[in-house]
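Trainee: Dropping the structure in here first, questions after.
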Amino acid sequence: MSEHSTLSFDTRLGFLGAGSIVEAMLAGILKNELIAPERIFVANRSDQARLRHLAETFGVNACEDKAALVEQSDILILAMKPKDAPDACRSLRGLVRPDQLVISVVAGVSTACISDWLGTNGPIVRTMPNTSSAVGLSVTGLSANHAVSEQQLGAATALFEAIGSVHIVSEDELDIITGLSGSGPAYVYYLAEAMEGAGAKAGLSREMARQLTVQTLLGAAQMLLHSSDEPALLRKKVTSPGGTTQAGLEVLDSYRFQHAVTSAVLRAAERARELGAQYR
Ligand SMILES: NC(=O)C1=CN([C@@H]2O[C@H](COP(=O)(O)OP(=O)(O)OC[C@H]3O[C@@H](n4cnc5c(N)ncnc54)[C@H](O)[C@@H]3O)[C@@H](O)[C@H]2O)C=CC1
Ligand SMILES: O=C(O)[C@@H]1CCC=N1
(Lines give C-alpha, C1' and ligand atoms only; values in the text may rest on other atoms or scores of the structure.)
(Ligands and ions follow the chains in the order given, each with its own letter.)
Protein backbone atom coordinates (compact mmCIF):
# COMPACT_ATOMS: atom_id res chain seq x y z
CA MET A 1 0.00 0.00 0.00
CA SER A 2 1.39 3.43 -0.88
CA GLU A 3 1.70 6.08 1.82
CA HIS A 4 -1.17 7.96 0.13
CA SER A 5 -3.51 4.94 0.10
CA THR A 6 -6.02 6.10 2.63
CA LEU A 7 -9.76 6.21 2.80
CA SER A 8 -11.51 7.81 5.71
CA PHE A 9 -14.09 5.72 7.57
CA ASP A 10 -16.34 8.76 7.06
CA THR A 11 -16.19 8.57 3.27
CA ARG A 12 -19.61 8.22 1.70
CA LEU A 13 -19.80 5.76 -1.19
CA GLY A 14 -22.55 5.77 -3.80
CA PHE A 15 -23.01 2.77 -6.09
CA LEU A 16 -24.99 3.28 -9.29
CA GLY A 17 -25.78 -0.29 -10.33
CA ALA A 18 -26.61 -2.98 -7.81
CA GLY A 19 -25.69 -6.28 -9.41
CA SER A 20 -23.19 -9.10 -8.87
CA ILE A 21 -20.01 -7.05 -8.66
CA VAL A 22 -21.55 -4.51 -6.28
CA GLU A 23 -22.79 -7.27 -3.99
CA ALA A 24 -19.29 -8.79 -3.97
CA MET A 25 -17.68 -5.42 -3.27
CA LEU A 26 -20.14 -4.60 -0.48
CA ALA A 27 -19.48 -7.94 1.20
CA GLY A 28 -15.72 -7.31 1.13
CA ILE A 29 -15.88 -3.63 2.15
CA LEU A 30 -18.18 -4.32 5.09
CA LYS A 31 -16.37 -7.44 6.25
CA ASN A 32 -13.23 -5.32 6.46
CA GLU A 33 -15.13 -2.54 8.23
CA LEU A 34 -13.62 -0.11 5.74
CA ILE A 35 -16.69 2.11 5.73
CA ALA A 36 -19.82 2.01 7.91
CA PRO A 37 -22.86 0.63 6.05
CA GLU A 38 -24.84 3.79 6.90
CA ARG A 39 -22.42 5.70 4.69
CA ILE A 40 -23.00 3.51 1.64
CA PHE A 41 -25.79 4.30 -0.84
CA VAL A 42 -26.94 1.98 -3.62
CA ALA A 43 -29.19 2.73 -6.58
CA ASN A 44 -30.12 0.85 -9.73
CA ARG A 45 -32.38 1.38 -12.71
CA SER A 46 -35.68 0.14 -11.30
CA ASP A 47 -35.39 -3.11 -9.32
CA GLN A 48 -36.62 -2.12 -5.86
CA ALA A 49 -36.63 -5.71 -4.59
CA ARG A 50 -32.93 -5.98 -5.37
CA LEU A 51 -32.20 -2.76 -3.46
CA ARG A 52 -34.23 -4.00 -0.49
CA HIS A 53 -32.23 -7.25 -0.55
CA LEU A 54 -28.93 -5.34 -0.41
CA ALA A 55 -30.24 -3.03 2.31
CA GLU A 56 -31.40 -5.98 4.42
CA THR A 57 -28.27 -8.05 3.83
CA PHE A 58 -25.67 -5.34 4.35
CA GLY A 59 -27.43 -2.50 6.18
CA VAL A 60 -26.61 -0.08 3.35
CA ASN A 61 -29.02 2.61 2.15
CA ALA A 62 -31.26 1.85 -0.81
CA CYS A 63 -31.51 5.06 -2.79
CA GLU A 64 -34.37 5.52 -5.25
CA ASP A 65 -33.30 8.94 -6.43
CA LYS A 66 -30.10 9.24 -8.49
CA ALA A 67 -29.73 12.94 -7.69
CA ALA A 68 -29.77 12.12 -3.97
CA LEU A 69 -27.29 9.29 -4.52
CA VAL A 70 -24.80 11.62 -6.20
CA GLU A 71 -25.32 14.42 -3.71
CA GLN A 72 -24.87 12.16 -0.69
CA SER A 73 -21.71 10.48 -2.04
CA ASP A 74 -18.09 11.56 -1.84
CA ILE A 75 -17.18 8.82 -4.31
CA LEU A 76 -19.57 7.62 -6.99
CA ILE A 77 -19.07 4.10 -8.35
CA LEU A 78 -20.50 3.24 -11.77
CA ALA A 79 -21.41 -0.45 -11.93
CA MET A 80 -23.87 -1.03 -14.75
CA LYS A 81 -23.38 -3.14 -17.89
CA PRO A 82 -21.44 -1.39 -20.68
CA LYS A 83 -24.57 -1.14 -22.84
CA ASP A 84 -26.34 0.76 -20.04
CA ALA A 85 -23.44 3.08 -19.27
CA PRO A 86 -24.19 5.87 -21.82
CA ASP A 87 -27.75 6.43 -20.61
CA ALA A 88 -26.83 5.97 -16.95
CA CYS A 89 -24.01 8.54 -17.21
CA ARG A 90 -26.05 11.00 -19.24
CA SER A 91 -28.74 10.84 -16.56
CA LEU A 92 -26.12 12.17 -14.12
CA ARG A 93 -25.23 15.25 -16.21
CA GLY A 94 -25.19 18.33 -14.06
CA LEU A 95 -25.39 16.23 -10.88
CA VAL A 96 -21.77 15.13 -10.49
CA ARG A 97 -19.69 17.83 -8.76
CA PRO A 98 -16.59 19.02 -10.70
CA ASP A 99 -14.16 17.53 -8.17
CA GLN A 100 -16.24 14.47 -7.23
CA LEU A 101 -14.35 11.23 -7.74
CA VAL A 102 -16.11 8.82 -10.11
CA ILE A 103 -14.91 5.21 -10.15
CA SER A 104 -16.01 2.90 -12.94
CA VAL A 105 -15.94 -0.89 -12.82
CA VAL A 106 -17.58 -1.08 -16.26
CA ALA A 107 -15.76 -3.39 -18.69
CA GLY A 108 -14.30 -1.87 -21.82
CA VAL A 109 -15.63 1.67 -21.45
CA SER A 110 -12.94 4.36 -21.45
CA THR A 111 -12.60 7.24 -19.02
CA ALA A 112 -12.88 9.59 -22.03
CA CYS A 113 -16.32 8.19 -22.89
CA ILE A 114 -17.48 8.45 -19.30
CA SER A 115 -16.31 12.10 -19.12
CA ASP A 116 -18.08 12.83 -22.35
CA TRP A 117 -21.36 11.27 -21.21
CA LEU A 118 -21.19 12.90 -17.78
CA GLY A 119 -20.33 16.23 -19.40
CA THR A 120 -17.41 16.85 -17.03
CA ASN A 121 -13.63 17.01 -17.10
CA GLY A 122 -13.50 15.72 -13.58
CA PRO A 123 -11.60 12.88 -11.89
CA ILE A 124 -12.40 9.37 -13.12
CA VAL A 125 -10.73 6.16 -12.03
CA ARG A 126 -11.41 3.15 -14.25
CA THR A 127 -11.00 -0.24 -12.62
CA MET A 128 -11.42 -3.94 -13.21
CA PRO A 129 -11.94 -5.92 -9.99
CA ASN A 130 -13.44 -9.39 -9.77
CA THR A 131 -16.13 -11.08 -7.69
CA SER A 132 -13.57 -12.54 -5.27
CA SER A 133 -13.93 -9.08 -3.70
CA ALA A 134 -16.55 -10.78 -1.53
CA VAL A 135 -13.83 -12.71 0.31
CA GLY A 136 -11.19 -9.97 0.15
CA LEU A 137 -9.28 -11.69 -2.66
CA SER A 138 -10.04 -9.61 -5.73
CA VAL A 139 -7.20 -8.41 -7.88
CA THR A 140 -8.00 -5.01 -9.34
CA GLY A 141 -6.44 -3.19 -12.26
CA LEU A 142 -6.81 0.55 -11.74
CA SER A 143 -6.15 3.50 -14.02
CA ALA A 144 -6.72 7.20 -13.32
CA ASN A 145 -7.45 10.03 -15.74
CA HIS A 146 -5.55 13.35 -15.71
CA ALA A 147 -7.92 15.04 -13.26
CA VAL A 148 -7.47 12.52 -10.43
CA SER A 149 -5.48 13.98 -7.53
CA GLU A 150 -2.89 12.04 -5.51
CA GLN A 151 -5.32 11.96 -2.62
CA GLN A 152 -8.15 10.62 -4.81
CA LEU A 153 -5.88 7.98 -6.35
CA GLY A 154 -4.92 6.99 -2.80
CA ALA A 155 -8.58 6.74 -1.79
CA ALA A 156 -9.48 4.60 -4.82
CA THR A 157 -6.45 2.38 -4.22
CA ALA A 158 -7.37 1.97 -0.55
CA LEU A 159 -10.93 1.03 -1.45
CA PHE A 160 -9.80 -1.81 -3.71
CA GLU A 161 -6.91 -2.84 -1.46
CA ALA A 162 -9.51 -3.47 1.24
CA ILE A 163 -11.04 -6.15 -0.98
CA GLY A 164 -7.89 -7.58 -2.56
CA SER A 165 -4.72 -6.46 -4.27
CA VAL A 166 -4.33 -3.55 -6.69
CA HIS A 167 -2.22 -2.93 -9.78
CA ILE A 168 -2.08 0.64 -11.07
CA VAL A 169 -1.85 0.32 -14.84
CA SER A 170 -2.21 2.27 -18.05
CA GLU A 171 -5.77 2.41 -19.31
CA ASP A 172 -5.12 0.25 -22.37
CA GLU A 173 -3.96 -2.62 -20.12
CA LEU A 174 -7.37 -2.79 -18.47
CA ASP A 175 -8.96 -4.74 -21.33
CA ILE A 176 -6.32 -7.46 -21.00
CA ILE A 177 -6.82 -7.49 -17.24
CA THR A 178 -10.55 -7.86 -17.86
CA GLY A 179 -9.94 -10.99 -19.97
CA LEU A 180 -7.49 -12.46 -17.46
CA SER A 181 -8.59 -11.65 -13.92
CA GLY A 182 -11.95 -9.89 -14.35
CA SER A 183 -13.45 -12.88 -16.14
CA GLY A 184 -10.89 -15.28 -14.65
CA PRO A 185 -12.94 -16.56 -11.69
CA ALA A 186 -15.49 -17.94 -14.18
CA TYR A 187 -12.80 -20.04 -15.89
CA VAL A 188 -11.80 -21.49 -12.54
CA TYR A 189 -15.43 -22.20 -11.60
CA TYR A 190 -15.85 -23.91 -14.98
CA LEU A 191 -12.85 -26.12 -14.17
CA ALA A 192 -14.29 -26.79 -10.71
CA GLU A 193 -17.65 -27.79 -12.20
CA ALA A 194 -15.89 -30.31 -14.44
CA MET A 195 -13.64 -31.72 -11.70
CA GLU A 196 -16.51 -32.06 -9.25
CA GLY A 197 -18.74 -33.61 -11.91
CA ALA A 198 -16.03 -36.11 -12.84
CA GLY A 199 -15.52 -37.14 -9.21
CA ALA A 200 -19.26 -37.66 -8.78
CA LYS A 201 -19.56 -39.51 -12.08
CA ALA A 202 -16.78 -41.85 -11.01
CA GLY A 203 -18.62 -42.75 -7.82
CA LEU A 204 -17.78 -40.23 -5.07
CA SER A 205 -20.54 -38.39 -3.27
CA ARG A 206 -21.19 -34.95 -4.75
CA GLU A 207 -20.26 -33.36 -1.43
CA MET A 208 -16.94 -35.17 -1.19
CA ALA A 209 -16.18 -34.43 -4.85
CA ARG A 210 -16.82 -30.74 -4.13
CA GLN A 211 -14.54 -30.71 -1.09
CA LEU A 212 -11.74 -32.51 -2.91
CA THR A 213 -12.03 -30.10 -5.84
CA VAL A 214 -12.06 -26.97 -3.68
CA GLN A 215 -9.14 -28.09 -1.52
CA THR A 216 -7.15 -29.06 -4.63
CA LEU A 217 -7.71 -25.62 -6.20
CA LEU A 218 -6.97 -23.85 -2.91
CA GLY A 219 -3.80 -25.88 -2.34
CA ALA A 220 -2.57 -25.32 -5.88
CA ALA A 221 -3.26 -21.57 -5.61
CA GLN A 222 -1.35 -21.43 -2.31
CA MET A 223 1.54 -23.33 -3.90
CA LEU A 224 1.59 -20.87 -6.80
CA LEU A 225 1.61 -18.04 -4.27
CA HIS A 226 4.25 -19.36 -1.90
CA SER A 227 6.56 -21.49 -4.03
CA SER A 228 9.43 -19.99 -5.99
CA ASP A 229 8.83 -22.60 -8.71
CA GLU A 230 7.22 -21.63 -12.01
CA PRO A 231 3.78 -23.18 -12.69
CA ALA A 232 5.33 -25.51 -15.29
CA LEU A 233 7.81 -26.87 -12.71
CA LEU A 234 5.07 -27.33 -10.11
CA ARG A 235 3.14 -29.29 -12.74
CA LYS A 236 6.19 -31.45 -13.49
CA LYS A 237 6.60 -32.25 -9.78
CA VAL A 238 3.12 -33.81 -9.79
CA THR A 239 3.73 -35.73 -12.99
CA SER A 240 5.44 -39.13 -12.62
CA PRO A 241 6.65 -40.51 -15.94
CA GLY A 242 4.12 -43.06 -17.13
CA GLY A 243 1.88 -42.27 -14.15
CA THR A 244 -1.64 -41.05 -13.61
CA THR A 245 -1.03 -37.32 -14.03
CA GLN A 246 0.75 -37.82 -17.32
CA ALA A 247 -2.21 -39.89 -18.52
CA GLY A 248 -4.59 -37.09 -17.48
CA LEU A 249 -2.48 -34.32 -19.00
CA GLU A 250 -2.24 -36.21 -22.28
CA VAL A 251 -6.02 -36.09 -22.48
CA LEU A 252 -5.97 -32.34 -21.77
CA ASP A 253 -3.33 -31.89 -24.48
CA SER A 254 -5.45 -33.87 -26.95
CA TYR A 255 -8.15 -31.23 -26.37
CA ARG A 256 -5.52 -28.44 -26.68
CA PHE A 257 -6.19 -27.30 -23.10
CA GLN A 258 -3.49 -24.60 -23.04
CA HIS A 259 -4.61 -23.29 -26.42
CA ALA A 260 -8.22 -23.22 -25.20
CA VAL A 261 -7.38 -21.25 -22.03
CA THR A 262 -5.07 -18.84 -23.89
CA SER A 263 -7.73 -18.26 -26.54
CA ALA A 264 -10.40 -17.69 -23.87
CA VAL A 265 -8.37 -14.98 -22.11
CA LEU A 266 -7.49 -13.27 -25.40
CA ARG A 267 -11.04 -13.45 -26.70
CA ALA A 268 -12.42 -12.00 -23.45
CA ALA A 269 -9.89 -9.15 -23.68
CA GLU A 270 -10.89 -8.57 -27.29
CA ARG A 271 -14.55 -8.54 -26.22
CA ALA A 272 -13.76 -5.86 -23.64
CA ARG A 273 -12.20 -3.79 -26.43
CA GLU A 274 -15.25 -4.38 -28.64
CA LEU A 275 -17.62 -3.32 -25.86
CA GLY A 276 -15.71 -0.06 -25.46
CA ALA A 277 -15.03 0.53 -29.16
CA GLN A 278 -18.66 0.90 -30.06
CA TYR A 279 -18.64 4.21 -28.21
CA ARG A 280 -15.29 5.60 -29.37
N1 LIG B 1 -19.73 -9.57 -12.53
C2 LIG B 1 -18.39 -9.49 -12.54
O3 LIG B 1 -17.68 -10.47 -12.27
C4 LIG B 1 -17.72 -8.19 -12.88
C5 LIG B 1 -18.41 -7.17 -13.50
N6 LIG B 1 -17.76 -6.01 -13.82
C7 LIG B 1 -18.48 -4.95 -14.50
O8 LIG B 1 -19.43 -4.45 -13.60
C9 LIG B 1 -20.58 -4.00 -14.31
C10 LIG B 1 -21.81 -4.64 -13.69
O11 LIG B 1 -21.70 -6.03 -13.82
P12 LIG B 1 -22.64 -7.00 -12.98
O13 LIG B 1 -22.72 -6.53 -11.58
O14 LIG B 1 -22.18 -8.35 -13.27
O15 LIG B 1 -24.03 -6.73 -13.73
P16 LIG B 1 -25.52 -6.96 -13.21
O17 LIG B 1 -26.36 -7.15 -14.42
O18 LIG B 1 -25.54 -7.97 -12.14
O19 LIG B 1 -25.88 -5.53 -12.56
C20 LIG B 1 -26.03 -4.37 -13.33
C21 LIG B 1 -26.74 -3.32 -12.50
O22 LIG B 1 -26.79 -2.11 -13.24
C23 LIG B 1 -28.08 -1.52 -13.04
N24 LIG B 1 -28.39 -0.58 -14.12
C25 LIG B 1 -28.62 -0.83 -15.43
N26 LIG B 1 -28.90 0.32 -16.07
C27 LIG B 1 -28.84 1.32 -15.15
C28 LIG B 1 -29.05 2.71 -15.19
N29 LIG B 1 -29.36 3.33 -16.34
N30 LIG B 1 -28.91 3.40 -14.05
C31 LIG B 1 -28.59 2.78 -12.89
N32 LIG B 1 -28.37 1.46 -12.78
C33 LIG B 1 -28.50 0.74 -13.91
C34 LIG B 1 -29.01 -2.72 -13.00
O35 LIG B 1 -30.26 -2.36 -12.44
C36 LIG B 1 -28.18 -3.67 -12.15
O37 LIG B 1 -28.37 -3.37 -10.78
C38 LIG B 1 -20.38 -4.38 -15.78
O39 LIG B 1 -20.00 -3.26 -16.52
C40 LIG B 1 -19.24 -5.38 -15.74
O41 LIG B 1 -18.44 -5.27 -16.87
C42 LIG B 1 -16.47 -5.79 -13.48
C43 LIG B 1 -15.75 -6.75 -12.85
C44 LIG B 1 -16.29 -8.05 -12.55
O1 LIG C 1 -18.49 -10.72 -18.17
C2 LIG C 1 -18.30 -9.51 -18.09
O3 LIG C 1 -18.47 -8.78 -19.08
C4 LIG C 1 -17.83 -8.91 -16.79
C5 LIG C 1 -16.51 -8.22 -16.92
C6 LIG C 1 -15.54 -9.04 -16.14
C7 LIG C 1 -16.36 -10.04 -15.48
N8 LIG C 1 -17.61 -9.94 -15.81
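Trainee: In the list Glu250, Glu230, Glu196, which residue meets the criterion of being surrounded by 15 or more Cβ atoms within 10 Å (Cβ to Cβ) and either of a type in the set (Ser, Thr, Tyr) or over 22 Å from Val106 (Cα atoms) (or both)? Talk me through it step by step, then tell me what you get.
Mentor: On the way: Glu250 fails: surrounded by 15 or more Cβ atoms within 10 Å (Cβ to Cβ); Glu230 fails: surrounded by 15 or more Cβ atoms within 10 Å (Cβ to Cβ).
That would be Glu196, the only listed residue that is surrounded by 15 or more Cβ atoms within 10 Å (Cβ to Cβ) and either of a type in the set (Ser, Thr, Tyr) or over 22 Å from Val106 (Cα atoms) (or both).
Trainee: Of the residues Asp84, Asp10, Asp65, only one is of a type in the set (D, E, K, R) and open to solvent by less than 70 Å² (accessible area, probe 1.4 Å); which?
Mentor: Working: Asp10 fails: open to solvent by less than 70 Å² (accessible area, probe 1.4 Å); Asp65 fails: open to solvent by less than 70 Å² (accessible area, probe 1.4 Å).
Going through Asp84, Asp10, Asp65 in turn, the sole match is Asp84.
Trainee: Give the range 30-47 a look and list any residue that's of a type in the set (A, V, I, L, M, F, W, C) and either without any contact (Cβ under 8 Å) to a residue 40 or more places away in the chain or open to solvent by 40 Å² or more (accessible area, probe 1.4 Å) (or both), or say none. Full working, then the answer.
Mentor: Kept after step one, since they are of a type in the set (A, V, I, L, M, F, W, C), are these residues of the range 30-47: 30, 34-36, 40-43.
Leu30, Ile35, Ala36, Ile40, Phe41, Val42, Ala43, listed by residue number.
Trainee: Right, something else. How about the range 114-168: which strands (runs of 3 or more DSSP E) wholly inside it have at least 1 residues that are open to solvent by less than 10 Å² (accessible area, probe 1.4 Å) and away from ligand 2 (no atom under 16 Å from the Cβ)? Before you say what the answer is, go through the steps one by one.
Mentor: Details: elements: 124-128, 138-144, 164-168.
Output list reads 124-128.
Trainee: Let me ask something additional. Quick one: in the range 69-79, of everything that is open to solvent by less than 30 Å² (accessible area, probe 1.4 Å) and outside any strand (DSSP E or B), which residue is nearest to Val96 (Cα to Cα)?
Mentor: Step one: filter the range 69-79 for residues open to solvent by less than 30 Å² (accessible area, probe 1.4 Å), giving 69-70, 73, 75-79.
Still in the list and also outside any strand (DSSP E or B): 69-70, 73, 79.
On the way: Leu69: 10, Val70: 6, Ser73: 10, Ala79: 16 Å.
Only one residue fits best here, namely Val70.
Trainee: Taking the stated definitions as given, is Ala200 at negative phi, assigned by TED's automatic domain parsing to the domain that holds Arg97 and among the aliphatic types (A, V, I, L, M)?
Mentor: Numbers: at negative phi: yes; assigned by TED's automatic domain parsing to the domain that holds Arg97: no; among the aliphatic types (A, V, I, L, M): yes.
No: the conditions fail for Ala200.
Trainee: Arg235: within 16 Å of ligand 1 (Cβ to nearest atom), in the same structural domain as Met195 (by TED's automatic domain parsing), charged (D, E, K, R) and open to solvent by 100 Å² or more (accessible area, probe 1.4 Å), yes or no?
Mentor: Values: within 16 Å of ligand 1 (Cβ to nearest atom): no; in the same structural domain as Met195 (by TED's automatic domain parsing): yes; charged (D, E, K, R): yes; open to solvent by 100 Å² or more (accessible area, probe 1.4 Å): yes.
No: the conditions fail for Arg235.
Trainee: Take the range 76-85 and flag every residue that is in contact with a Phe, Trp or Tyr (Cβ under 7 Å, 6 or more places away or on another chain) and more than 9 Å from ligand 1 (Cβ to nearest atom).
Mentor: Ile77
Trainee: Now for a different question. Pick out the one residue from Arg50, Arg93 that is touching a residue at least 24 places away in the same chain (Cβ under 8 Å), part of a loop (DSSP other than H, G, I, E, B), surrounded by fewer than 19 Cβ atoms within 10 Å (Cβ to Cβ) and of a type in the set (Lys, Arg). Lay out the reasoning, then the answer.
Mentor: Working: Arg50 fails: part of a loop (DSSP other than H, G, I, E, B).
Going through Arg50, Arg93 in turn, just one is touching a residue at least 24 places away in the same chain (Cβ under 8 Å), part of a loop (DSSP other than H, G, I, E, B), surrounded by fewer than 19 Cβ atoms within 10 Å (Cβ to Cβ) and of a type in the set (Lys, Arg): Arg93.
The values are calculated or read from the model by the stated rules, or taken from the named source; none is laboratory data. Since the model is a prediction, treat every value here as computed from it, not as a measurement. Please note: Cβ atoms are built from the backbone with ideal geometry, for glycine as well, and neighbour counts cover all protein chains shown. Ligands, DNA and RNA are excluded from the accessible area calculation, which covers all protein heavy atoms including side chains. Shrake-Rupley method; radii C 1.70, N 1.55, O 1.52, S 1.80 Å.
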